[in-house]
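These notes concern the structure reproduced below.
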């Protein structure tokens, strides 16, 4: 989830082979309702990639430059995420959480529900959603050379990102809303709407031309977001439950699915919004900093040549999860990014040694953070390594006194070395539990509403400190927090 990660997973920072176990048969009734076969859906995906790359991708990149981390921009970014990683197939009445199928109103409902905003899945009822945005209407602007009427949208200045655009169908004397989309804002001088669309890889695209149907059949704009949704400083007031991962996909994912927090899903890490299990990957916190500048850019990489993905302000306290030269990798509301160390104070990077264990069988140790780099040697399952820092998809480790690199999904989450502990009281029994989930969040309190303070992996042993209804307070290495009881065995 990452202000840029909320925004993105637009950038694939890691690469895993995606397992096809996400795909399983759908019911006969559903199959009859879908107008194309699975094979045709795959062919359509690849046949339309060039169009998508030429039209949608430049608009996405321009939106990235505007992104400010506000709730409104998070909503737009989530719509982009589904377009990039949702692998949707259009089908009237949808059913995306179970089968990967979507229609325009289902899609709009899906995006806003990720942020706790509930609305109808029936397009005809969108005239009752939120409030009408005044002064926005269809207008005829001229005639084409062929004699066809040309239209546009007037009152664009009254719209805000995250508004809902509606379009009418039916006869002139009995119009009803038949299609809806999400307004992205004015991008590269043009208003942009993200909605279901033909001739796109995943049934979603971006409208920037309103000369014809999208102008002539524009009905009205509706505003559903709260008044502070365009204020980046208010973003922390709202909860993002994360994108929905379908139980089954009609269109098998054609590339690794990169979650908004840059976790790459494979067959053993599928996440379902309805499972109650938070199996997100989260890097270890190694310190905290306080912002000293007035308005400080957070960038997508360690340098001023990287794009700005968020802004933090004086006094903000940020968790540090890594360092690259004079740039700190920090957590922000929806992910992580980089901030210059001269714009913060009280950097409390731990001096303790971080250690991790090899979870793969025989794992290559490389000279650089790339599978194209030379292999220096191997480590084996259970071996302990010293972790220097985390990069994008890699851990830098100590290799005989020199730096080397191992893919991060082949190591356990690094924990601070505790050294020699004080002898325990022989009269006090230490209760332990074993993690049964894949990659399990450790939270600051006993619910999914609390922040993530660390992670534990399947097979890890944690010390049990207390219980709170369905949650267990545990100690894992240097981290103390709560894990859902259904993700532990004792």
Worksheet item: So how many residues does segment 71-86 have that are surrounded by fewer than 24 Cβ atoms within 10 Å (Cβ to Cβ) and not in a helix (DSSP H, G or I)?
Response: 0
Practice prompt. Go over the candidates 373, 458 one by one and state the one that is surrounded by 12 or more Cβ atoms within 10 Å (Cβ to Cβ), at pLDDT below 75 and in contact with a strand residue (DSSP E or B) (Cβ under 7 Å, 6 or more places away or on another chain).
Written response: 458
Item to complete: From 201, 161, grab the single residue that is assigned to a loop (DSSP other than H, G, I, E, B), in contact with a helix residue (DSSP H, G or I) (Cβ under 6 Å, 6 or more places away or on another chain), within 25 Å of residue 53 (Cβ to Cβ) and at pLDDT 95 or above.
Response: 161
Practice prompt. Find the residue count for segment 204-232, including only residues that are surrounded by fewer than 20 Cβ atoms within 10 Å (Cβ to Cβ) and assigned to a helix (DSSP H, G or I).
Written response: 2
Worksheet item: With respect to residue 98, is the statement that it is at pLDDT below 90 and at negative phi true?
Response: yes
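The values are calculated or read from the model by the stated rules, or taken from the named source; none is laboratory data. As the structure is a prediction and not an experimental result, all values here were calculated from the model. Positions of Cβ are generated from backbone atoms using ideal geometry, with glycine treated the same way; all protein chains shown enter the neighbour counts.
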